[in-house]
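The values are calculated or read from the model by the stated rules, or taken from the named source; none is laboratory data. A quick note: this is a predicted structure, and the numbers were derived from the prediction, not measured. Cβ sites come from the backbone with ideal geometry, for glycine too, and all protein chains shown count toward neighbours.
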Amino acid sequence: MAKTKERKALKKGKATFNLIGRVKVTDKTFNLDNSYDSGWTDNSMYVGVDCGNGNTVYAEMRSGFFPDKDNVIRAYSKDEKDDAGKSKSVEIAWEDRLDESLYDSISDSSFLTVGVEKDVKDKTVYKKFLTAYDAVEYLNEHLEDGMIVNVKGTIGYSEYEGNVSTKKEITSIVLSKIDDEADFKATFSQTILVDSKSIGKKNDDKGTIELAAYVVDYVGKPKIDGEKIEVKKNVTYPKTFEIAINENPEITAKMLQRFFKPKKGKITEITVTGNLVEGGSTVNITEDDKMTMVTANGETKFDYERRSDGIEVKMEGKDEIYMSMAYDKDKKTLTYKLDLGNGQTMEVVLEKGKADMTPVQQDAQTQTDGAVEEGATEAAQ
């Protein structure tokens, strides 16, 4: 008897964004206590962030309640697990949402984070909110035009009359430590589905190649023709991306064939990162974004990101920084940091000229299995 392949359920995967730039607050940014015919009342914020190079990206916060009904907030327990081993869902009465005595038992992922004020010691004051309703009310009082902020959130999709729209929902907005506009950014990370026909035409003017992919999102009870229809499942939406062509076109061609062109009849799931441009998204693919370290203990793969002043290296698939190098143009120094494990970090600051590395080498030798060569090292800018 032939075996029947079981179809896997669609999973949403990753859909996040990160904006660093100058916030643009206008008289239309906030809309408080907006009421609808159904009785629903909400607070909303639709704010732009100037991420440099003329790219202002907009994101939002919105939630509300029914004044004449018993409203509950659904969150997740910090410690309790359900039968599947996931954080247990909990319900919090609307009137208890600001009771901070409940917060210790709630998972961090249930909160919205806001940090746009500073205390007398010039340190950022962080606030946690269970609802966007309260976060927006607070931001209306404290968010100021021109603040440099770090905004994080999730990307959602919906469809109306054949048109797919994208919504960027803020989960965190805090003051950024970055003050150099060269380091402003608008990036995204998105899990996509591609098939053998996804790779499109080359756009010579933009230096990009079109990628016709699919994204997955959850649909609950959408309103269709004025009536709510229960769907409650993940569905696919068509989404077009633009892949930036590398300076060496052969690299792009190789990466496209390897990752974005499965065999006919097959689907490939891949998570991409790229630049978020208002009105579109560009995926950057470069061979240099990967590196492999080979030692006597085996092979370790890394991802690294270029910064305006250096690079950050992370173990493949992890967020923690394993190694970084940064050049200070004012001090004319190159700072090298390496994670030695067990909470210990080695830091070396190189200046143009000669430096005696013997003490550093001896200290590093006690932390690692490898041997280092003693002596004087000349650091050239």
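Please give the number of the condition residue 165 fails out of (1) surrounded by fewer than 17 Cβ atoms within 10 Å (Cβ to Cβ); (2) touching a residue at least 40 places away in the same chain (Cβ under 8 Å).
That leaves (2) as the condition not met.
Taking strands (runs of 3 or more DSSP E) that do not extend beyond region 59-176, which have at least 3 residues that are more than 22 Å from residue 25 (Cα to Cα)?
Counting at least 3 such residues, we get 72-81, 87-93, 148-160, 163-175.
Contact list please: Cβ distance under 6 Å, first residue in region 195-217 and over 18 Å from residue 272 (Cα atoms), second residue at pLDDT below 95, pairs at least six apart or on different chains.
Listed pairs, sorted by first residue: 201/210; 202/209; 207/245.
Kindly establish whether residue 113 is over 30 Å from residue 240 (Cα atoms), in the same structural domain as residue 95 (by TED's automatic domain parsing), crowded, with 16+ Cβ neighbours inside 10 Å and of a type in the set (Val, Ile, Thr).
yes
Pairs only if they're at least six apart or on different chains, beta carbon under 8 angstrom, first in region 232-256 and closer than 24 Å to residue 187 by Cβ and modelled with pLDDT under 85, second crowded, with 17+ Cβ neighbours inside 10 Å and hydroxyl-bearing (Ser, Thr, Tyr); list them, first residue then second.
246/252
Here's a check for you: in region 240-269, which residue that is surrounded by fewer than 14 Cβ atoms within 10 Å (Cβ to Cβ) and among the acidic types (Asp, Glu) is nearest to the chain's Cα centre (by Cα)?
247
So which residues in region 34-45 are charged (D, E, K, R) and modelled with pLDDT under 95?
Scanning region 34-45 gives a single hit, 37.
Which numbered condition trips up residue 10, out of (1) in the same structural domain as residue 178 (by TED's automatic domain parsing); (2) closer than 27 Å to residue 187 by Cα?
Of everything listed in (1) in the same structural domain as residue 178 (by TED's automatic domain parsing); (2) closer than 27 Å to residue 187 by Cα, residue 10 misses just condition (1).
For region 17-51, how many residues meet the condition of being part of a loop (DSSP other than H, G, I, E, B), in contact with a strand residue (DSSP E or B) (Cβ under 7 Å, 6 or more places away or on another chain) and either among the basic types (Lys, Arg) or surrounded by 17 or more Cβ atoms within 10 Å (Cβ to Cβ) (or both)?
Total satisfying the criteria: 3.
(1) part of a loop (DSSP other than H, G, I, E, B); (2) surrounded by 13 or more Cβ atoms within 10 Å (Cβ to Cβ); (3) not aromatic (Phe, Trp, Tyr): which one isn't true of residue 179, the others all being true?
It is condition (2) that residue 179 fails.
Give me a count of the residues in region 102-126 that are in contact with a Gly (Cβ under 7 Å, 6 or more places away or on another chain) and of a type outside the set (Phe, Trp, Tyr).
Count: 2.
Would you confirm whether any residue within region 24-47 is on the phi > 0 side of the Ramachandran plot, touching a residue at least 24 places away in the same chain (Cβ under 8 Å) and in the same structural domain as residue 186 (by TED's automatic domain parsing)?
Looking for residues that are on the phi > 0 side of the Ramachandran plot, touching a residue at least 24 places away in the same chain (Cβ under 8 Å) and in the same structural domain as residue 186 (by TED's automatic domain parsing), one finds at least one in region 24-47, hence yes.
Looking at region 79-95, can you tell me whether even one residue there is touching a strand residue (DSSP E or B) at 6+ places or on another chain (Cβ under 9 Å) and under 23 Å from residue 179 (Cα atoms)? Step through it out loud before you land on a result.
Taking region 79-95 first, the residues touching a strand residue (DSSP E or B) at 6+ places or on another chain (Cβ under 9 Å) are 79-82, 86-94.
Still in the running and under 23 Å from residue 179 (Cα atoms): none.
Taking every residue of region 79-95 in turn, none turns out to be touching a strand residue (DSSP E or B) at 6+ places or on another chain (Cβ under 9 Å) and under 23 Å from residue 179 (Cα atoms).
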